[in-house]
1. Restricting attention to the range 101-126, report how many residues are in contact with a strand residue (DSSP E or B) (Cβ under 8 Å, 6 or more places away or on another chain) and surrounded by fewer than 16 Cβ atoms within 10 Å (Cβ to Cβ).
2. Which residue, of Arg194, Arg165, Arg174, Arg199, is in contact (Cβ under 8 Å) with a residue 24 or more places away in the chain, over 16 Å from the mean Cα position of the chain (by Cα) and surrounded by fewer than 23 Cβ atoms within 10 Å (Cβ to Cβ)?
3. Does the range 11-26 hold any residues that are at pLDDT 90 or above and either open to solvent by 50 Å² or more (accessible area, probe 1.4 Å) or under 15 Å from the mean Cα position of the chain (by Cα) (or both), and which are they?
4. Of the residues Glu130, Glu169, only one is among the charged types (D, E, K, R) and in a helix (DSSP H, G or I); which?
5. Just to verify a result, which residue in the range 27-79, among those that are of a type in the set (Ser, Thr, Tyr) and either in a helix (DSSP H, G or I) or over 28 Å from Cys139 (Cα atoms) (or both), is least open to solvent (accessible area, probe 1.4 Å)?
6. Go through the range 29-86 residue by residue and tally those that are out of contact with any Cys (no Cβ under 8 Å at 6 or more places or on another chain) and closer than 23 Å to Val201 by Cβ.
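The values are calculated or read from the model by the stated rules, or taken from the named source; none is laboratory data. Nothing here was measured: the structure is a model prediction, and the numbers come from that model. Glycine also receives a Cβ, built like all others from the backbone with ideal geometry; neighbour counts cover every protein chain displayed. What goes into the accessible areas is simple: the full protein's heavy atoms, side chains included, and nothing from ligands, DNA or RNA. Shrake-Rupley method; radii C 1.70, N 1.55, O 1.52, S 1.80 Å.
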Amino acid sequence: MLSLALETSTGLGGIALGRGDALIAECALAVRATHSETVLDEVERMLSRARIGVGEIERLVVGAGPGSFTGVRISAALAKGWCHARGVPLFAYSSLRAVAAAAGRERVCALFDARRGEVYGAAFAHGPLEAPLHGPAACGIERWVERLEDCRSWSFAGEGAIRHRATIEACGGRVLAPFLGVPRAGALLWLAERIPAGRVVDIDGWEPRYVRSSGAERQAGRRGGSG
């Protein structure tokens, strides 16, 4: 099945084209707040270089967060629009699971920077194909370290792990190199071939997994509760 994958949950996103989980092309791109058109431009260039027409794409695979609210929404909106326009199925997987798949470790805790002193995290004790032992959830790094009984047996990947390296290494955890902590679009293709439950049944009703409300929603809640 010829598939297109979109991943824009962090500052460094990516797109990938593949048949099954065999990559045809993949590229990384910087994700900015209002640049959804940049993703589409890159998709068009990739398809052109691969000499593949838009109508040949049989499946869309998307990173479903958590991460940057704006970034996650970019992929979700583009994927929904594409699937409706072309009548192709949509598959969605946690962007943290994509990191675990790309990291190539069995016991890996994927962490994204969630700001406000927190990280988005998911801990996979038996590889990315199994349900996470903990998460996805947003909390302080100290809480994540406490949740994992033996940090020395765990690898930590992602921008959140890099930011909190000192805390993680103090408990004996291993922080993987930055390039192993990027949620790759190619990893989404790999997951789609192995976890069919990622198919979205109700595309209209589907929403990414943000884990917590956006800053704007939190501010609105505070204003609403101040009266």
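1. Count: 1.
2. Values: Arg165 fails: in contact (Cβ under 8 Å) with a residue 24 or more places away in the chain; Arg174 fails: in contact (Cβ under 8 Å) with a residue 24 or more places away in the chain; Arg199 fails: over 16 Å from the mean Cα position of the chain (by Cα).
After applying the criteria, what remains is Arg194.
3. Filtering the range 11-26 for residues at pLDDT 90 or above gives 14-19, 22-26.
Scanning the range 11-26 gives Gly14, Ile15, Ala16, Arg19, Ala22, Leu23, Ile24, Glu26.
4. Every option except Glu169 fails the conditions.
5. Ser75
6. Restricting attention to the range 29-86, the residues satisfying the condition of being out of contact with any Cys (no Cβ under 8 Å at 6 or more places or on another chain) are 29-41, 43-45, 47-59, 61-86.
Filter again for closer than 23 Å to Val201 by Cβ, leaving 57-59, 61-66, 72-86.
Selection size over the range 29-86: 24.
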